[in-house]
1. Rolling a 1.4 angstrom probe over the protein heavy atoms, how many square angstrom per residue are accessible across the chain?
2. Kindly provide log₁₀ I(q)/I(0) values, in the same order as q = 0.19, 0.20 Å⁻¹, from the Debye equation applied to equal alpha-carbon scatterers of the range 1-44.
3. Could you pull out the chymotrypsin sites (Phe, Trp or Tyr not before Pro) across the range 62-112 that fall in loop regions by DSSP (anything but H, G, I, E, B) with no more than 11 other Cβ atoms inside 10 Å?
4. Write down the radius of gyration of the range 11-102 and its Dmax, each obtained from C-alpha positions, in Å.
Amino acid sequence: LIRKGGSRMPFFCVHGAGGNLLVFRDLAERLGPEQPVYGLEARGVDGQLPPAASIEEMAELYLEAIRGVRPRGPYLLGGYSGGGVVALEMARRLVAAGQRVSNVVLLRSAYG
């Protein structure tokens with residue numbers, strides 16, 4: 001949890017290449033107090049577990065985490081840098097499962 005409270009749909013953000021969430025602190029501040037913001041940190045950043053081996057594995061891990069906060073859509077997803085690709089995969093999986101994804105926000109991401 002980066003910013004709690006607020007009346008808007010939670011914004012779930014996927015980390016960039018470094019795996020940490022510091023980049024989202026300023027974003028959460030700019031979005032204001034009505035926007036709850038959650039960050040999805042890379043498994044293994046703490047050195048306790050091995051990192052996920054693929055985008056698909058990351059997407060599955062992060063979907064499990066966001067469903068713990070919001071079991072049903074609609075979902076608002078985003079990702080910084082390579083996290084944008086993971087966020088797109090998460091959205092693809094949610095839509096395939098019959099869930100609604102309102103937006104996917106790519107922050108400094110390259111997809112191709």
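1. I get 58 Å² per residue for the chain.
2. The computed values of log10 I(q)/I(0) come out as -0.51, -0.56.
3. TYR111
4. For the range 11-102, the Cα-based Rg and Dmax read 12.7, 35 Å.
The values are calculated or read from the model by the stated rules, or taken from the named source; none is laboratory data. Since this is a predicted model, take the numbers as computed values, not measurements. Every residue, glycine among them, receives a Cβ derived from its backbone with ideal geometry; neighbour counts consider all protein chains shown. Calculation scope for accessible area: heavy atoms of the full protein, side chains included, ligands and nucleic acids excluded. Shrake-Rupley method; radii C 1.70, N 1.55, O 1.52, S 1.80 Å.
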